[in-house]
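Note sheet for the following structure.
The values are calculated or read from the model by the stated rules, or taken from the named source; none is laboratory data. Computed from a predicted model, the values in this text were never measured in an experiment. Because the Cβ atoms are built from the backbone with ideal geometry, glycine has one as well, and the counts that use them run over all protein chains shown. Keep in mind that these areas ignore ligands, DNA and RNA; they rest on the heavy atoms of the full protein, side chains included. Shrake-Rupley method; radii C 1.70, N 1.55, O 1.52, S 1.80 Å.
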Amino acid sequence: MAFDANAPRKPFITRGSNIGRCKGCFLPLLSCLCSEKPKVKARAVFWLLTHNDEIYKPTNTGRLIVDAIDGARVFKWSRTEPDPAFIEALCDEQYQPCIVFPSGESYQQRMIVSKNLSEKIPAFIILDGTWRQARRMFRLSRYLDDLPVMQPNTMAISRYHLRQSVEEHHLCTAEVAAQMLREVSDHHSADVLDAYFDLFNAEYYATRRSVDMSATSAVARLRLAQLQNDVNNTI
């Protein structure tokens, strides 16, 4: 499932609902990033199990992963009726599915680290929602019970300015994905995703707070272009 800009959606009536938005990236039209979407073939793929409340939020960073990482997919989460395409993906022998989630005592036997990964392509499953929603998704989705779990190995403070978290070490979805790429030593893909996220973060924050973030955007845009050129020069 990809983000479908033409799909029916519930009315967006929170702050910013009257702003004209791009149907591709959901940013205000003057800040559209569609022409700057990167795409890299990483050492891992990402499968986002996305909460219904999250799919069309303009501040959702899961779509940045879909934009940037080749093979990333989005599945709509259901507690009792999992997406058949997601179940099919779990059975694909070329991938090693692994849920990205913090360690917990009740499932320590399921925890793995990067050196435990097989030679298959890692498929990192990210529970895409608020922290409260993600915990509920992890706890109540019985079809996830037998999958290994891997936590991001970082104490970094989130750079995400558009939402407030009760814990400064709770990273947003795109930041988590970048860290998981570093877990499998794919630092270039992680840097691309980070640069794209920084550009999104700056552009969106500027429109929401009416502040000048042009210098920050310019740095992120230049970094993203350099990383893209690095890939092109090695082909």
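Computed quantities for the displayed model
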| read-out | value |
| --- | --- |
| Helix 173-183 axis, angle to the chain major axis (alpha carbon atoms, nearest 10°) | 60 |
| By average C-beta atoms within 10 angstrom, highest first, the peptides 45-51, 26-32 | 45-51, 26-32 |
| Helix-only [θ]222 nm of the chain, DSSP H runs n ≥ 4, -39500 (n - 2.57) each, per residue, nearest 500 | -10500 deg cm²/dmol |
| Net length gained if the chain between GLN108 and GLU93 were fully extended (0.36 nm per residue, minus Cα distance) | 2.9 nm |
| Percent accessible area from carbon and sulfur atoms, the stretch 110-164, protein chains only, probe 1.4 Å | 50 |
| Cα shape, the stretch 177-232, gyration tensor, a/c 1.5 rule | oblate |
| Beta bridge orientation in the chain: antiparallel %, DSSP, nearest 5 | 5 |
| Diffusion constant of the chain at 10 °C, which comes from Stokes-Einstein with the Kirkwood Cα-pair radius and 1.306 mPa s, µm²/s | 86 |
| The chain: angle of helix 187-209 to the longest principal axis, Cα-based, in degrees nearest 10 | 50 |
| Where the stretch 78-201 is the region considered: accessible area per residue in Å², 1.4 Å probe | 52 |
| GNM flexibility winner over the chain from PRO152, PRO102, PRO122 (Cα, springs under 10 Å) | PRO102 |
| Cysteines without a disulfide-compatible partner [the chain; Cβ-Cβ under 4.7 Å] | CYS25, CYS34, CYS91, CYS98, CYS172 |
| Cα long-axis angle, helix 214-234 against the chain (0 to 90 degrees, to the nearest 10) | 60 |
| Cα gyration tensor, the stretch 55-158 - rounded (a/c under 1.5), prolate or oblate | rounded |
| Approximate spin-label separation THR130-ASP53, in nm, with each point projected 7 Å along Cα-to-Cβ | 0.4 |
| Given charges at beta-carbon only (K, R positive; D, E negative), |dipole| of the chain in Debye | 740 |
| Rounded to whole Hz, the Karplus (6.51, -1.76, 1.60) HN-Hα couplings of the stretch 107-123, x for glycine and proline | 9, 4, 5, 9, 6, 10, 10, 4, 5, 7, 5, 7, 7, 6, 6, x, 10 |
